[in-house]
1. Would you confirm, using the coordinates I've provided, whether B:Val89 is loosely packed, with under 14 Cβ neighbours inside 10 Å, among the aliphatic types (A, V, I, L, M) and not in a loop (DSSP other than H, G, I, E, B)?
2. Given the options A:Arg61, A:Arg101, name the one that is surrounded by 21 or more Cβ atoms within 10 Å (Cβ to Cβ) and free of Cβ contacts under 8 Å to residues at least 40 places away in the same chain.
3. Within the stretch B:57-68, can one find any residue that is facing chain A (nearest Cβ under 10 Å), out of contact with any strand residue (DSSP E or B) (no Cβ under 7 Å at 6 or more places or on another chain) and more than 24 Å from A:Gly41 (Cα to Cα)?
4. Only one of these conditions is not met by A:Ser55: (1) open to solvent by less than 40 Å² (accessible area, probe 1.4 Å); (2) more than 14 Å from chain B (Cβ to nearest Cβ); (3) not hydrophobic (A, V, I, L, M, F, W, C). Which number is it?
5. Could you list, in sequence order, the residues of the stretch B:1-39 that are within 13 Å of another protein chain (Cβ to nearest Cβ) and open to solvent by 80 Å² or more (accessible area, probe 1.4 Å)?
6. Please work out if A:Ile48 is out of contact with any Leu (no Cβ under 7 Å at 6 or more places or on another chain), closer than 25 Å to B:Gly40 by Cβ and either in a strand (DSSP E or B) or touching a residue at least 12 places away in the same chain (Cβ under 8 Å) (or both).
7. Could you tell me which residue of the stretch A:10-39 is surrounded by the fewest Cβ atoms within 10 Å (Cβ to Cβ), considering only residues that are modelled with pLDDT under 95 and within 12 Å of another protein chain (Cβ to nearest Cβ)?
8. Would you confirm whether or not the stretch B:80-90 contains a residue that is at pLDDT 95 or above, at negative phi and under 10 Å from the mean Cα position of the chain (by Cα)?
Amino acid sequence: QQQVKQSPQSLIVQKGGISIINCAYENTAFDYFPWYQQFPGKGPALLIAIRPDVSEKKEGRFTISFNKSAKQFSLHIMDSQPGDSATYFCAARGFGTSGSRLTFGEGTQLTVNP
Amino acid sequence: GAGVSQTPSNKVTEKGKYVELRCDPISGHTALYWYRQSLGQGPEFLIYFQGTGAADDSGLPNDRFFAVRPEGSVSTLKIQRTERGDSAVYLCASSLRSGTGGGSSYGYTFGSGTRLTVV
């Protein structure tokens, strides 16, 4: 089944804190797991991505942790800033004729209080 | 252009009318995707073009929806006999290439979308 489940639906964090968003998937044929950041009125923008042969990837304050056996992955935002307030989507890419077709999670609305 | 351009940014139409939504991808990007995003939800795949051909249209909800990309660049999403349930933001994305790679050339760039409201 092509499905990605994301939690929590919303998250409030204090400035400087750690934001953690979790995703779980079912289809073992997914081969690429990106996270997108979306501001109101804008399209999603790629934040960071990971392949399933890697357990962790870090880019600046953003880290993806990937657990292949549990079919789960998470986004950690260190030292969260008010400018990080946005909606975050995890996604997964499947094989086949669909090129780089992505299946998205439901989204997490992150608010970072100053 | 530097990014993916979608026009119009907003479209209000009456139930039953026909609408066209336009997408200008990044120059040189061969892969183009249409997604639909309902309020409070993640984007849902509609259709994927590789060049001029629709490589995968399995996400189109019914035969009222159709998309073209005649010259392998600009794409138009067409919706006939619009219904209130079609109201959503329609997102277009392009990538330099498609497939199973993980490099930056496979990454999507999304446009800002067209907000369609059917009244």
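The values are calculated or read from the model by the stated rules, or taken from the named source; none is laboratory data. Quick caveat, the model's predicted, so the values are computed rather than measured. Cβ sites come from the backbone with ideal geometry, for glycine too, and all protein chains shown count toward neighbours. When the accessible area is computed, the model is the full protein with side chains, heavy atoms only, and any ligands, DNA or RNA have been set aside. Shrake-Rupley method; radii C 1.70, N 1.55, O 1.52, S 1.80 Å.
1. Numbers: loosely packed, with under 14 Cβ neighbours inside 10 Å: no; among the aliphatic types (A, V, I, L, M): yes; not in a loop (DSSP other than H, G, I, E, B): yes.
Taking the combined requirement at face value, the residue does not satisfy it.
2. Result: A:Arg101 is the single residue among A:Arg61, A:Arg101 that is surrounded by 21 or more Cβ atoms within 10 Å (Cβ to Cβ) and free of Cβ contacts under 8 Å to residues at least 40 places away in the same chain.
3. Within the stretch B:57-68, one or more residues are facing chain A (nearest Cβ under 10 Å), out of contact with any strand residue (DSSP E or B) (no Cβ under 7 Å at 6 or more places or on another chain) and more than 24 Å from A:Gly41 (Cα to Cα).
4. So the condition that A:Ser55 fails would be (1).
5. B:Asn10, B:Leu39
6. yes
7. Here the answer is A:Ala29.
8. yes
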